[in-house]
1. Considering THR143, THR153, which residue is among the hydroxyl-bearing types (Ser, Thr, Tyr) and part of a loop (DSSP other than H, G, I, E, B)?
2. Anything in region 69-85 that is in contact (Cβ under 8 Å) with a residue 12 or more places away in the chain, surrounded by fewer than 18 Cβ atoms within 10 Å (Cβ to Cβ) and part of a loop (DSSP other than H, G, I, E, B)? List them, or say none.
3. Looking at the structure I just gave you, is GLU103 outside any helix (DSSP H, G or I) and more than 25 Å from LYS178 (Cβ to Cβ)?
4. Within region 134-150, how many residues turn out to be among the small types (Gly, Ala, Ser), surrounded by fewer than 16 Cβ atoms within 10 Å (Cβ to Cβ) and modelled with pLDDT of 95 or more?
5. Considering only region 128-147, I want to know if a residue exists there that is more than 22 Å from LEU20 (Cβ to Cβ), out of contact with any helix residue (DSSP H, G or I) (no Cβ under 8 Å at 6 or more places or on another chain), of a type in the set (Asp, Glu) and without any contact (Cβ under 8 Å) to a residue 24 or more places away in the chain.
6. Could you tell me which numbered condition ASP89 fails, if it satisfies all but one of (1) exposed (fewer than 13 other Cβ atoms within 10 Å of the Cβ); (2) in contact with a Lys or Arg (Cβ under 8 Å, 6 or more places away or on another chain)?
7. If the Cβ limit is 9 Å and pairs must be 6+ apart or interchain, which residue in region 165-177 that is over 23 Å from VAL144 (Cβ atoms) and without any contact (Cβ under 8 Å) to a residue 24 or more places away in the chain pairs with which residue that is of a type in the set (Val, Ile, Thr) and part of a helix (DSSP H, G or I)?
8. Restricting to region 21-43, give me the number of residues that are farther than 15 Å from ILE79 by Cβ and in a strand (DSSP E or B).
Amino acid sequence: MSTGDKLRLGVLGSGTGSNLEAIFRAIHDRPIAAEVKVVLSDVRNAGILDIGRSHRSHTKYVYPGESRARLDVASEHNIVNALQHEHVDLVLLAGFMRIIGREILAAFPRRILNIHPSLLPRHPGLRAWEQTLAAGDAVAGATVHYVEEGIDTGEIIAQAEVDVMPDDTADTLHARIKEAEHVLYPEVVDFFARERPFAG
């Protein structure tokens, strides 16, 4: 834990960064006793890096290696170094599309969170909103969970439900799930900032 009053966050993402923008907005508006120290991406021109820069966080592109699913050893090492350089307390995955490996997990035990667009344990993996529609579920949602070696298998921290409408398409359902995510993730960050469940 850092010596300051604010929870120091590191964020990993691959996409547009809408969840990060929601977290910045909540930190400013509530306010939440947290600050985003660094934003890292495996995609050179990812929108999440632009969002980080617009809020004056440090940002960095990290070359991920040749695998489309996993980070290579060097990239994991670079990510750990970047997070530790900023003395990050908590790591947030926000649309990060690669599996987190052992070096990062070991460096931040029970300090890495992910948000997933389904009510886990239902529909882990990619494009969960499409899985929800294909299964004929009446309820979809979002889950914040601890990250471990499995894919979307870590302990659940919080969930938000979203009703599936009869006329929903993949796009409309995904959009409403994103709205729920933008409320849920900041609430979880606020909880960690207030309670510091990993302190000591």
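The values are calculated or read from the model by the stated rules, or taken from the named source; none is laboratory data. Everything numeric in this text was worked out from a predicted model, so none of it was measured. Cβ placement follows ideal geometry from the backbone for every residue including glycine, while neighbour counts extend to all protein chains displayed.
1. After applying the criteria, what remains is THR153.
2. Across region 69-85, the qualifying residue is only ALA69.
3. Working: outside any helix (DSSP H, G or I): no; more than 25 Å from LYS178 (Cβ to Cβ): yes.
No.
4. Here is the first cut: in region 134-150, the residues among the small types (Gly, Ala, Ser) are 134-136, 138, 140-142, 150.
Checking the rest, the ones that are also surrounded by fewer than 16 Cβ atoms within 10 Å (Cβ to Cβ) come to 134-136, 138, 150.
Then drop every residue that is not modelled with pLDDT of 95 or more, which leaves 134-136, 138.
Qualifying residue count, region 134-150: 4.
5. There is no residue in region 128-147 that is more than 22 Å from LEU20 (Cβ to Cβ), out of contact with any helix residue (DSSP H, G or I) (no Cβ under 8 Å at 6 or more places or on another chain), of a type in the set (Asp, Glu) and without any contact (Cβ under 8 Å) to a residue 24 or more places away in the chain.
6. Of (1) exposed (fewer than 13 other Cβ atoms within 10 Å of the Cβ); (2) in contact with a Lys or Arg (Cβ under 8 Å, 6 or more places away or on another chain), only one is false for ASP89: (1).
7. MET165/THR172
8. Within region 21-43, the first condition is being farther than 15 Å from ILE79 by Cβ, and the residues that meet it are 21-36.
After this cut, where a residue has to be in a strand (DSSP E or B) as well, the list is 34-36.
Number satisfying all stated conditions: 3.
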